[in-house]
Amino acid sequence: MSTAIKWIIGLIVLAALAWLVWYSGLLSAPAPVAQRAALVATTTPQQSAATTTNGMSAPADTSSAALNQDAAAIDAQVQGLQIDTTSVDASLSDKSITQ
């Protein structure tokens, strides 16, 4: 190989490395350091033990009734997802109409 070809290949490799470093974000400015905000005391109402989320019982309730309620809520959500999946499957098998 001639020295000119070696120089050209070297320049191409250096350009590729420079682009890779630029593209990876190593040349950008460092992220600003977060300033500590003054702590402000706030009050929030405490949730009662009977509070439910998405049909689920309270997080600390491990009674049989709570587990049954949670299982029923999960079953209802899964059935809803199965209906959605059936709709999507049906729409994928639609045939296009030529006009």
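Scanning the stretch 47-61 for residues that are exposed (fewer than 10 other Cβ atoms within 10 Å of the Cβ) and of a type outside the set (A, V, I, L, M, F, W, C), we see that the one that is modelled with the highest pLDDT is ASN54.
Exactly one residue out of GLN69, GLN82 is polar (S, T, N, Q), under 24 Å from the mean Cα position of the chain (by Cα) and outside any loop (DSSP other than H, G, I, E, B): that is GLN82. The residue of the stretch 1-45 that is modelled with the lowest pLDDT, among those that are among the small types (Gly, Ala, Ser) and more than 28 Å from the chain's Cα centre (by Cα), is ALA41.
The values are calculated or read from the model by the stated rules, or taken from the named source; none is laboratory data. Quick caveat: nothing in here was measured; it's all calculated off a predicted structure. Positions of Cβ are generated from backbone atoms using ideal geometry, with glycine treated the same way; all protein chains shown enter the neighbour counts.
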